[in-house]
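Everything below concerns the one structure shown next.
Derivation of every value follows stated rules applied to the coordinates shown; laboratory data play no part. None of these values were measured; they are calculated from a predicted model. Cβ coordinates were reconstructed from backbone atoms using ideal geometry, including for glycine residues, and neighbour counts include every protein chain displayed.
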Ligand code: F6P
């Protein structure tokens, strides 16, 4: 072990995700075996802007039950220290972060986050801060790793809703549109659509055509008179649409014009737009639901617990052996996974999108190669 590394801060940034608390537990448990003392920093990078920032010593007792907790017990923010709002402008306060890391006597910081939070870690790393990253995002859009904490739990949550949406849709013979998070990557929408056997899946990686959606609905639902045939079992349809999906002649739908400190718009609304078009341009009734933040909610799934514990323990090893400027990365998913470290610079500016060529049937808006029609 690199003897000078003794006191390590840990923070969680960006959207919360189930798996973060297990990762912190894994880090503290393994870290304590390696002689590290761990300090929990609150509210992501925002906490480190404040010279009077509170913190929480984390030992085995403090975190012993954290593996069961969803969200993040340290709190989170989307603060970008390089662009902190100040009146009508924004200012670079990264120096304050570096000063506060020193003030807290931290020898290193473990940063759990997605592209934005880890991007800040990478930039601070270039300025001499000793950082190690742990990948998390329900979007699974991070480069350099097969797994990001939170994805599996979100997949479970969305699949359950798809399942539950079938009874009202079936009873009323609706087209039920379900809008799923994921930003500009379709992993969550696509795989929940496959798991929940949605009839159509629309993803950001392949712009869809409204006329094609209507045709596919007609193929499935037939003429509306027949739709009144109460003995026909398939007179409803479920469409999963990713919040970042858009039509060939349209653009991504956003909630408003605002952008966060990393330049992201809040996506949302494509589900309502699609349901309205279906009502206006086909004979079918449609309803839309946007699943929103509960997708990220609840206790972590077994995969997120295991991956969190493994990621946390691996990060402690990285700190102890002085492997800074790196992110823990997984090849495969628990239990059959191999962990390694990749350079933090790898994760910046690269979207890990769904492999359309491999998985997506662009003529049926469906998964390829399952060898069956849903
Ligand atoms: O990145 C995770 C995520 O849940 C995205 O899927 C979604 O677009 C975004 O966060 C929502 O942002 P916020 O949590 O700030 O509302």
Next item on the list: Run through all the Cα pairs of the chain and give the fraction in each 20 Å bin from 0, expressed as whole percent.
Entry: 29, 50, 19, 2
Next item on the list: Compute the separation of the alpha-carbon centres of segment 295-374 and segment 95-111 and state it in Å as a whole number.
Entry: 28
Check: So what's the angle, to the nearest 10 degrees on a 0 to 90 scale, between helix 270-281 and the longest Cα principal axis of the chain?
Finding: 10
Item checked: Residue of 263, 222, 312 that the Gaussian network model of the chain assigns the largest fluctuation, springs spanning Cα pairs under 10 Å -> 263
Next item on the list: Report the calculated FRET efficiency for residue 102 and residue 195 (r = Cβ-Cβ distance, R0 = 51 Å), to the nearest 0.05.
Entry: 0.60
Next item on the list: Only bridges with both residues in the chain count here: give the DSSP antiparallel percent, nearest 5.
Entry: 35
Item checked: Ordering of 149-157, 349-357, 85-93 by packing [mean C-beta count within 10 Å, highest first] -> 149-157, 349-357, 85-93
Checklist line | Label-point separation in nm, residue 249 to residue 33, each point 7 Å along Cα→Cβ | finding: 6.1
Next item on the list: On a C-alpha basis, how far is the centre of segment 258-285 from the centre of segment 115-132 in Å? Whole number, if you could?
Entry: 35
Item checked: the chain, helix-only ellipticity at 222 nm - DSSP H runs n ≥ 4, -39,500 (n - 2.57), divided by all residues, nearest 500 -> -10000 deg cm²/dmol
Notebook entry, point to check: Would you list 101, 201 from fewest to most Cβ contacts within 10 Å?
Noted result: 101, 201
Item checked: Pairwise label distance in nanometres, residue 212 with residue 350, each label 7 Å out on the Cα-Cβ vector -> 2.8
Next item on the list: Fewest Cβ neighbours within 10 Å first, please rank 279, 327, 181, 307 accordingly.
Entry: 279, 181, 327, 307
Check: Of 364, 127, 183, how do they rank once you tally other Cβ atoms within 10 Å and put the fewest first?
Finding: 127, 364, 183
Next item on the list: Write down the percent of antiparallel bridges among all DSSP beta bridges whose residues are both part of segment 155-297, to the nearest 5.
Entry: 10
Next item on the list: Rounded to the nearest 10 degrees, what's the angle between the helix 20-33 long axis and the longest principal axis of the chain, both from Cα atoms, 0 to 90?
Entry: 30
Checklist line | Normalised contact order of segment 10-151, rounded percent, pairs of Cα under 8 Å and 6 or more residues apart | finding: 28
